[in-house]
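Just so it is clear, none of the values below were taken in a lab; they were calculated from the coordinates. Bear in mind the structure is a predicted one, so any value in this text is a computation, not a measurement. Heads up, the Cβs are rebuilt from the backbone with ideal geometry, glycines too, and the neighbour counts pull from every protein chain shown.
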Amino acid sequence: MAEIDRMLLANEEWASRFPGALAARPARAVAVVACMDSRMPLFGLLGLAVGDAHVIRNAGGVVTDDTIRSLTISQHLLGTREIVLVHHTECGLEATTEQAFADQVEQATGHRPPWPVRAFSDVDADVRESMRLLRESPYLLSHEVRGTVYDVATGRLREVV
Ligand SMILES: [Zn+2]
C-alpha cells in the first residue's frame, strides 16, 4: 500500500471527529519556522492546538527567500506578530557541507543546484544567524523573534540567547 493510501484511510478517521471550521488567522498570532525533521511533532512539543499558529518548515528550518515570503504573508494578511525558530540536534544539514552535497546531487543527476544548501556545523550559531536575518528583513511588521534548539534525544526545547 502506498503511503498516500494509508493517509487517505487515516483521514477518514480524522474527519469523523473533526471539530469544525476555525478562523484562518492563527489564534495565538505566532508563526513557527522549523526544520522538516520527522522527529519533531511541533504542535505537541510546543503545546499548540489546531488553529493556533502558522508552521513554516524546510530542511534545517533556515531563513530563505521563501521563508520570508511566508512570514510576510503571515504577518501582513493573517495577523501574526511573534516568530519562533525551532532547530534541533542531529540535523541532516550538519551531516553534509555545501560542497559535498552539491557534488552528490551533480554526480547523481548531472545538475548542480544553483541554490545554497545552507549546511551548518554549529546549531546555536545557525539559530542566531536565522534570528539576525529575520530582524534585518525590511518586509516584516514585527521583528519579535526568538530561537530554540530541540533535543531529539530528550524531547527538551532550549532557547538560544
Ligand atoms: Zn533538521
If you project the alpha carbons of region 22-160 onto the principal axes, what extent comes out on each, in Å, largest first? 47, 35, 27
Tail fraction, Cα-Cα pairs, region 57-130, threshold 18 Å, whole percent: 49
The chain - mean residue ellipticity at 222 nm from DSSP helices (-39,500 (n - 2.57) per run, n ≥ 4, rounded to 500): -10500 deg cm²/dmol
Please list, by residue number, every one of the trypsin sites (Lys or Arg not before Pro) in region 127-161 that is coil in DSSP and has at most 14 other beta-carbon atoms within 10 Å. Arg156
Under the 0.36 nm per residue contour assumption, what length would be gained going from the current alpha-carbon distance of Ser137 and Ser121 to full extension? 3.3 nm
Which whole-number percentage describes the relative contact order of the chain, with Cα contacts under 8 Å and a sequence gap of 6 or more? 23
What percent antiparallel are the DSSP beta bridges of the chain, to the nearest 5? 20
Could you run the Debye sum over the Cα atoms of region 88-161, one equal point scatterer each and no solvent, and tell me log10 of I(q)/I(0) at q = 0.14, 0.23, 0.25, 0.26 Å⁻¹, two decimals? -0.61, -1.01, -1.07, -1.10
Among 92-101, 23-32, how do they line up by average Cβ neighbours within 10 Å per residue, starting with the highest? 23-32, 92-101
